[in-house]
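The structure appears below as structure tokens.
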Amino acid sequence: MVERIETRLREAFAPSVLAVVDDSEAHRGHAGYQEGGESHFTVKIVSGAFQGQTRLARHRAVHNALGSEIIGRIHALAMDISAE
Amino acid sequence: MTDANTQIKETVTANDVVLFMKGTKEMPQCGFSSKVAGVLNYMGVGYQDVNVLADDGIRQGIKDYSDWPTIPQLYVKGEFVGGCDIITEMTLSGELDTLFDDKGVSYNKEAADKIREANA
């Protein structure tokens, strides 16, 4: 899943910084945790594509790039998005 | 327009600040909801909490309403502001204070400053 998320984001934003971390294990026992992980992710992305966009627009762009299939499958996605 | 949609619209219109969350402001049931509720509670903001876990129609309806796939969701004066990441960033940058000032929502400025000091 981490690779899928990375691929989508690379294709959409050509980021200068991209880090996708599966931190599902830290949420073991919490709501949304699923055996085998792949439920909770943290994304840090820096790309000029976000220049001039509001926070909402940046987050929406990432949601769209990932698509409803990925978004629907994971429980949580924490994001740190910035422009260059 | 669906019932959930009507209900959501009425709720965000009737209340200055509304947080759609998992659980309640006294007993959040998700870390992200808990974080936003905690900020609002600490800042002394009067807000209406809506527990999406108590109503499947609202749980899906709020995602359609805002075109936003995750919970929590904060509304101020009927306008969608953001989820956990955005509210956290806005709290730390002071933008949330500015938004509340602009919209005439009362809050404890000292408490907001304390949050920023603690996270500096």
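With respect to the conditions (1) under 22 Å from A:Thr42 (Cβ atoms); (2) free of Cβ contacts under 8 Å to residues at least 60 places away in the same chain, B:Val39 lacks only one, and its number is (2). The lone criterion from (1) closer than 20 Å to A:Val2 by Cβ; (2) touching a strand residue (DSSP E or B) at 6+ places or on another chain (Cβ under 7 Å); (3) at pLDDT below 90; (4) more than 10 Å from chain B (Cβ to nearest Cβ) left unmet by A:Leu77 is number (4).
Determine whether A:Ala12 is farther than 24 Å from B:Glu95 by Cβ, at pLDDT 95 or above and more than 14 Å from chain B (Cβ to nearest Cβ).
yes
The values are calculated or read from the model by the stated rules, or taken from the named source; none is laboratory data. Please read all numbers here as calculations on a predicted model, not as lab measurements. FYI the Cβ positions are ideal-geometry reconstructions off the backbone, even for glycines, and counts take in every protein chain you see.
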